[in-house]
Structure formats: structure tokens, C-alpha cells
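Data first, discussion second: the structure below is written as C-alpha cells.
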Amino acid sequence: MRLVTYRHPRTGEQARAGVVQGDRILDVARLTDDALPNDMLALLTRGPDALTQLKGATTTFARQFAEAAEVPPDVALARWEATLLAPIPRPPAFRDFYAFEQHVVTAYTRRGRPVPATWYRLPVFYYGHTGTFFGPEVAIPKPAETRELDFELEIACIIGRTGRDIAVEEAEGYIAGYAILNDWSARDVQREEMTVGLGPAKGKDFATSLGPWLVTPDELAARQRDGRLHLGMVARVNGETLTEANTATMHWTFAEMIARASADVPLEPGDIIGSGTVGGGCILELGPERHPWLEPGDEVELDVERLGRLRNTIALPENGGETDAAPPDGG
């Protein structure tokens, strides 16, 4: 299934859970006569049985109305009429890992430093801001403090069950689905902050894009081998292809990341586990000589096979003014 959180003129400002079926969205609560909740986080909290129930209801609906010219308007609506939010608009927690070796090696090489031995021993992550998640087709305000705005081509898994101290061998059973993730980054801010030995903080907490939907693991089973998804990945800026990669190049698997994240603490339904940037999946790696840092008006598209397309446009800072960052050589 492809699960979404959406808004529609008929529902006003209320965000609701839906299932994508062809060119329409089925409202979860109305499809199941309110047996399942209208909120994505509440739906995941019900556990795997709720998703099994939803899949059955979706299949029944498709069979029932396969030949029908019209479908119940309170249950189904045209996809183009809806506004998609991030599948989990405000996750309980967001951990972004550093799982692709090529990205790590290139990033450290550009700093003139070797990759720490610890990276090969432990999957490491940082905590992101859960209150600044964006969905597809919305504008991302450029932080006023930066002159080096970057995208990051990633995928994420969404946790579907509560668990603590989860074994690697059992971890995939805790995944409710996958989505494309863009970990927007202000490189100059990030670089300065991390000289202190903490972070990233303001270099990344202003925006994370997730979407366009949550794809359940059964939809991707044919592309799962050796604990890794094998999905083509593409990043474009203003229609120009900058990155072509594959999720199979992950060094650390999602199972290993989940095991690490859950050590001594519980993971909750709706928690987001980001993969980190695929090799070559950001301007930092490619170099601003390959493509300049992002500016208002730039359009960034991230495509991942079977996960869809996540597209956003950069907007002016929310204060409406110019950036007030120091020049690039200002330290």
C-alpha cells in the first residue's frame, strides 16, 4: 500500500490518513466505517494488524468498484484535488543516520581528514527537529543565515511497532514502510557549529521533506536482498540530473540502524529512521563548481524507484528578507 496524509477542500484544514489507489485517494476512516482512525500516527499505533485490516478493505473496495463509473465521494477523491503532507507530519522522533560509505569518504576527504574508524564499527546518527517536516510540492523557506543551502538524497523507514533493544535479526519486522527523505542542510552554518563538537543543529533543523507517501514493505519485497533495498535513486535540480545512485550501496542496513537506535531506549510507531545521504547525493559532495548552492526559485526533485517523487521549491526566508549570512570566506 501507499499511505498518505492529505488535506482536501471537503475536509477543511484537517489532515487525514488515506490510501493511494491509482489516481484516487481512499479515506482510511471512511473506507473502514471508522473502524480505523483518520490519523496516520494513530493508525500506525494500532500495529501491523491494523495495516492488514486496511489492506483487506482496500482490496474489497477495488473489487467492488472496479467497473463503476462513480465511487462513493465520501470515501474516494481524485489525487489531484488533495494536498499531500509528509506521511507522518510530526513524528515522535527523527534519527538520521550516516549509512552510505561513499558519502562519508567524500565528505571527510573534502575536509582533508580520514574517515574515523568508529564509523566502520557503529552506525551513528543525529536527532532532527520533528516540528519542521514538509510534504511534496511545497516551498522550503531558505534560512536567512545561510549562503550554502543544500539538498540530501535519502530514504527513510518508518517504525510501526514499539520496541526496545531490538535484535538485528528481528528489526525488519518493526518497519511499517519506507519513504523518500530530503535532509535539507545549511552547510556554512553546519560547518561553523560543528567546530564546537556538537551538532548539526541550526545547520539542519529548519526543514526535512518526507514523502510523497509511505510504501509498505510488501510492495518492495521483490527488491529486498541481503537486508538492503535495491532501488534506483535520482536527484535533479531545475530539471538537470545531478545524481544517479542506488539504495543497495548502503554500508549499514536499516535493521542494523534500528538495532542501534533502540539500544536502551524504546522506538515508537511513527519514528523516522533516515538512511543518510547516498553517495553523490548532495552539492557538498558534487562541489559547488558542479552546481551552485540552492537559491530561492530552485526546484529539487528526488526520485526513488517504487517510492515515487519528492519535489520541493526553495522560497525566500520566512522573514521575507535577504540572507544575512557572512560571505563564504567570512569564517
Q. Which residue, of Y108, Y126, is in the same structural domain as S275 (by TED's automatic domain parsing), modelled with pLDDT under 95 and aromatic (F, W, Y)?
A. Y108
Q: Can you confirm whether region 84-94 contains a residue that is among the small types (G, A, S) and closer than 24 Å to E299 by Cβ?
A: yes
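Restricting region 249-268 to residues that are of a type in the set (S, T, N, Q) and within 18 Å of V104 (Cβ to Cβ), which is farthest from the chain's Cα centre (by Cα)?
If we filter region 249-268 for residues that are of a type in the set (S, T, N, Q), which is where we start, we get 249, 253, 262.
With the extra rule that they be within 18 Å of V104 (Cβ to Cβ), the set shrinks to 249, 253.
Details: T249: 18, T253: 16 Å.
Across region 249-268, the extreme among qualifying residues is T249.
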Q: Just one of (1) out of contact with any Pro (no Cβ under 8 Å at 6 or more places or on another chain); (2) farther than 23 Å from T208 by Cα; (3) without any contact (Cβ under 8 Å) to a residue 24 or more places away in the chain trips up K55, so point out which.
A: (3)
Q: Report yes if some residue within region 160-178 is within 23 Å of E295 (Cβ to Cβ) and either in a helix (DSSP H, G or I) or over 23 Å from the mean Cα position of the chain (by Cα) (or both); otherwise report no.
A: no
Q) Which one of the conditions (1) free of Cβ contacts under 8 Å to residues at least 40 places away in the same chain; (2) more than 23 Å from the chain's Cα centre (by Cα); (3) in the same structural domain as A15 (by TED's automatic domain parsing) does A78 fail to meet, given that it meets all the rest? A) (1)
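Restricting to region 290-327, count the residues that are modelled with pLDDT of 95 or more and in a loop (DSSP other than H, G, I, E, B).
Number of matching residues: 12.
Residue-by-condition table, conditions (1) surrounded by 16 or more Cβ atoms within 10 Å (Cβ to Cβ); (2) under 23 Å from T313 (Cα atoms); (3) not assigned by TED's automatic domain parsing to the domain that holds E301:
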| site | (1), (2), (3) |
| --- | --- |
| T208 | yes, yes, no |
| P217 | yes, no, no |
| L220 | yes, no, no |
| G232 | no, yes, no |
| E244 | no, yes, no |
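Within region 158-184, restricting attention to residues that are among the hydroxyl-bearing types (S, T, Y) and crowded, with 16+ Cβ neighbours inside 10 Å, which residue is nearest to L231 (Cα to Cα)?
Going residue by residue through region 158-184, those that are among the hydroxyl-bearing types (S, T, Y) are 162, 174, 178.
This time we only want the ones that are crowded, with 16+ Cβ neighbours inside 10 Å, so: 174, 178.
Working: Y174: 20, Y178: 12 Å.
Restricting to residues being among the hydroxyl-bearing types (S, T, Y) and crowded, with 16+ Cβ neighbours inside 10 Å, the top hit is Y178.
Tally up the residues in region 72-106 that are part of a loop (DSSP other than H, G, I, E, B) and hydroxyl-bearing (S, T, Y), please. Before you say what the answer is, go through the steps one by one.
Filtering region 72-106 for residues part of a loop (DSSP other than H, G, I, E, B) gives 72-75, 82, 85-93, 98-99.
Pick out the ones that are also hydroxyl-bearing (S, T, Y) and you get 98.
Matching residues across region 72-106 total 1.
Table: residues versus (1) without any contact (Cβ under 8 Å) to a residue 40 or more places away in the chain; (2) of a type outside the set (S, T, N, Q).
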| site | (1), (2) |
| --- | --- |
| T5 | no, no |
| V19 | yes, yes |
| P89 | no, yes |
| A99 | no, yes |
Q: For G330, indicate whether it is among the small types (G, A, S) and either crowded, with 19+ Cβ neighbours inside 10 Å or at pLDDT 95 or above (or both).
A: no
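The values are calculated or read from the model by the stated rules, or taken from the named source; none is laboratory data. Keep in mind that what you see is a predicted model, and the values were worked out from it rather than measured. Cβ: placed from backbone, ideal geometry, glycine included. Neighbour counts: every protein chain shown.
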